[in-house]
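The values are calculated or read from the model by the stated rules, or taken from the named source; none is laboratory data. Here the structure is a predicted model, which is why all the values come from computation and not from measurement. Please note: Cβ atoms are built from the backbone with ideal geometry, for glycine as well, and neighbour counts cover all protein chains shown.
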Amino acid sequence: MAAKEKPAPYANTSVHYAKTQGEIIELFDKYGILDIRFTSLGSSGQLIFEFTNMVEMQKQMVPASVRIVIPNITEKNRNQLHRALFYYLKSKMEALSFEFVEFVKEFFPYLVTRDDAGRTTTIYDYLGPQYKLALAGGQNHVLNLLPEGMKDAKVQR
């Protein structure tokens, strides 16, 4: 007898995605994050959620930008994926409020970086493919993935 398949989380939500976006804005406002953007790319079926938070680095406040891309958005699952995003973000913000983890560590794969030509990408999009290739090749020396000038850099907290 086959196991009964569970419905995907939030599959039956009746909460409209626009209401969920409002709830995400309220959530971030509660934590003092005011620079927020939702971008819907209907042609590629993506929702891009971006925000910037001021974080302390080396005794100064600096902006840290985050980009989370939700793929495979359709009219059928739009409400569902927005609810999943809301609860995902809510759990991250709650973990930060209890100081379980620092902001940069919690959002590390989604942090936005800029190359010399001014193009932006996330840390994961930059390092992820290189890391996967290194692991597939039997290497797990992360420092080998960093640009030459960064291998000896020491970050102060």
Looking at this structure, is GLU94 at pLDDT 95 or above, under 22 Å from LYS30 (Cβ atoms) and not assigned by TED's automatic domain parsing to the domain that holds GLN21? no
Check SER91 against each of (1) in a helix (DSSP H, G or I); (2) surrounded by 12 or more Cβ atoms within 10 Å (Cβ to Cβ); (3) free of Cβ contacts under 8 Å to residues at least 40 places away in the same chain and name the one condition it does not meet. (2)
Hey, among PHE28, PHE51, which residue is without any contact (Cβ under 8 Å) to a residue 40 or more places away in the chain and aromatic (Phe, Trp, Tyr)? PHE51
Qualifying residues in region 48-88 (those that are surrounded by fewer than 15 Cβ atoms within 10 Å (Cβ to Cβ) and part of a loop (DSSP other than H, G, I, E, B)) - the one nearest to the chain's Cα centre (by Cα): PRO71
Taking the condition in contact with a Pro (Cβ under 6 Å, 6 or more places away or on another chain) and farther than 22 Å from VAL101 by Cα, does GLN80 pass? no
GLN58 versus (1) under 27 Å from GLN130 (Cβ atoms); (2) at pLDDT 95 or above: which is the lone unmet condition? (2)
Restricting region 94-119 to residues that are surrounded by 12 or more Cβ atoms within 10 Å (Cβ to Cβ) and touching a Ser or Thr at 6+ places or on another chain (Cβ under 9 Å), the one farthest from GLY45 (Cα to Cα) turns out to be THR113
